[in-house]
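Enquirer: This structure is in structure tokens; I'll ask about it shortly.
The values are calculated or read from the model by the stated rules, or taken from the named source; none is laboratory data. All values derive from a computational prediction rather than experimental measurement. So basically every Cβ, Gly included, is an ideal-geometry build from the backbone, and we count neighbours across all protein chains shown. We work out accessible area using only protein heavy atoms, side chains counted, and drop any ligands, DNA or RNA first. Shrake-Rupley method; radii C 1.70, N 1.55, O 1.52, S 1.80 Å.
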Amino acid sequence: MAEAMLELEEPIPAEMNREAGNGLPEKRIFFVWGDDDKIFHLEIAHKLTEQLGEKAKLQYIEKAGHLAQLERPCVYNAHLKQILASLTTDKQL
């Protein structure tokens, strides 16, 4: 079976990141990613997080693929609880 992979061919344009009013959400952005995702490789998550700046946070789940929430639901839920808790407090992830 052939592996599919989405590549981030072009970076997010500089005028669209790191400043309010630039088309990106002003809220924090969280990625929960399977480290063995064959569709959207973890490298893409790292690139997106870097390009989106300090508002973006990446958490990955070991031994999980594209459907991490189904493959490792307890680990996924632990990450989700941590994210939700950070939204109701001043705690940053």
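Enquirer: So residue 24 ticks every box in (1) assigned to a loop (DSSP other than H, G, I, E, B); (2) modelled with pLDDT of 95 or more; (3) not charged (D, E, K, R) but one. Which box is left unticked?
Expert: Unmet for residue 24, out of (1) assigned to a loop (DSSP other than H, G, I, E, B); (2) modelled with pLDDT of 95 or more; (3) not charged (D, E, K, R): (2).
Enquirer: Scan the stretch 59-83 and report the pairs whose first residue is farther than 19 Å from residue 49 by Cα and part of a helix (DSSP H, G or I) and whose second residue is open to solvent by less than 80 Å² (accessible area, probe 1.4 Å) and of a type in the set (Phe, Trp, Tyr), with Cβ atoms within less than 9 Å and a gap of 6+ or a chain change.
Expert: Pairs found: 69/76; 70/76.
Table: residues versus (1) open to solvent by less than 80 Å² (accessible area, probe 1.4 Å); (2) under 11 Å from the mean Cα position of the chain (by Cα); (3) at pLDDT below 85.
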| residue | (1), (2), (3) |
| --- | --- |
| 1 | no, no, yes |
| 5 | no, no, yes |
| 9 | no, no, yes |
| 15 | no, no, yes |
| 19 | no, no, yes |
| 39 | yes, no, no |
| 48 | yes, yes, no |
| 91 | no, no, yes |
